[in-house]
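Structure first, then comments.
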Amino acid sequence: MRRLVALIFAASLAAGTASAQTAEPRAFLLVIDDLHIEFRQTPRLRRLLQDLLKSAGNEDSWALVTTGSSAVKVDPPRGAADISTALNRITGNALRVREELDAFGDQNRAAVVRRRASLTDIVISQAISQAAARGGPLSILYLTGGYDARMVPAMSEVVRATADARARLIIVSALDIVPLLDPIPDVHPDEWAAYIDATRQSLKTLAELTGGSLVFSREEFDEAFARELRP
């Protein structure tokens, strides 16, 4: 009987080892919404991501897409080192906050704000679908300055693509992890507070609709990144 138990245990251990050895590499999609990230935030955001990517496993599959004029796209399967190099080309080109706030009284400006958000929705959803087509579980790390929820509707295409891919979405507020260091001279503090609340609400809504998680601090960001990259 003891011999039988030993044989069963050995077979189970061997099966577990073989399963671990044949497990598929993890797939990550890094989305940088530079269309909604300010130019001044770009250098610190690059350094932050490049430092954290050093802890990524060499066997993992990575993809990268940006939404703004930097037009950076790295298709899977690539390693974290390739993504880190591509980050040097990212440049934030969000509208100025004053321009977004003035859009409430100007239909043409409001159309520009909504069009930029719609473009972002489409670009990200397409990237999710392409990354998911390779099969296996997909984690999406989405960094954005957010959108003014008082003006921009929920990102329906991203919601659909995330659900179709059965992906895990981690939404990171760039305004919180790499905050602007200087006050905005042409924006009243009350306007700024209302704007921040509105952008955070847009991210909360997206998280609720996708079952995703939210990151609003550097500490949460470090923890979320370490958790996703843990073998």
Going by the structure shown, is Tyr195 buried (at least 24 other Cβ atoms within 10 Å of the Cβ), of a type in the set (Ser, Thr, Tyr) and within 20 Å of Ile37 (Cβ to Cβ)? no
Matching residues in region 59-80 - criterion: being crowded, with 19+ Cβ neighbours inside 10 Å and acidic (Asp, Glu): Asp60
Quick test for you: out of Ser213, Ser202, pick the one residue that is surrounded by 12 or more Cβ atoms within 10 Å (Cβ to Cβ), among the hydroxyl-bearing types (Ser, Thr, Tyr), free of Cβ contacts under 8 Å to residues at least 60 places away in the same chain and within 21 Å of Asp102 (Cα to Cα). Ser202
Just one of (1) of a type in the set (Gly, Ala, Ser); (2) buried (at least 22 other Cβ atoms within 10 Å of the Cβ); (3) modelled with pLDDT of 95 or more trips up Ala111, so point out which. (2)
Candidates Val178, Val158 - the one that is at negative phi, modelled with pLDDT under 95, β-branched (Val, Ile, Thr) and buried (at least 22 other Cβ atoms within 10 Å of the Cβ): Val178
Condition test on Pro183, is it without any contact (Cβ under 8 Å) to a residue 12 or more places away in the chain and either surrounded by 20 or more Cβ atoms within 10 Å (Cβ to Cβ) or in contact with a helix residue (DSSP H, G or I) (Cβ under 9 Å, 6 or more places away or on another chain) (or both)? yes
Quick one: which of Arg200, Arg134 is touching a strand residue (DSSP E or B) at 6+ places or on another chain (Cβ under 9 Å) and at pLDDT below 95? Arg134
Between a residue in region 142-156 that is in contact (Cβ under 8 Å) with a residue 24 or more places away in the chain and under 20 Å from Asp34 (Cβ atoms) and any residue that is in a loop (DSSP other than H, G, I, E, B) and of a type in the set (Gly, Ala, Ser), which pairs come within a Cβ distance under 7 Å, given they are 6 or more apart or on different chains? Gly145/Ala94
Does Ala117 qualify as being modelled with pLDDT under 95, under 28 Å from Gly211 (Cβ atoms) and surrounded by 13 or more Cβ atoms within 10 Å (Cβ to Cβ)? no
Candidates Ala194, Ala167, Ala149, Ala111, filtered to the one that is within 22 Å of Ala63 (Cα to Cα) and either in contact with a helix residue (DSSP H, G or I) (Cβ under 9 Å, 6 or more places away or on another chain) or of a type in the set (Gly, Ala, Ser) (or both): Ala167
What about Ala56, is it crowded, with 17+ Cβ neighbours inside 10 Å, in a loop (DSSP other than H, G, I, E, B) and modelled with pLDDT under 95? yes
Looking only at region 31-72, count how many residues are in contact (Cβ under 8 Å) with a residue 24 or more places away in the chain and over 30 Å from Arg98 (Cβ atoms). 13
Take Ile83 and decide whether it is modelled with pLDDT under 95, under 19 Å from Ile170 (Cβ atoms), surrounded by 15 or more Cβ atoms within 10 Å (Cβ to Cβ) and β-branched (Val, Ile, Thr). yes
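The values are calculated or read from the model by the stated rules, or taken from the named source; none is laboratory data. Just so we're clear, the structure is a prediction, and the values are computed from it rather than from any experiment. Glycine gets a Cβ as well: all are built from the backbone with ideal geometry, and neighbour counts include every protein chain shown.
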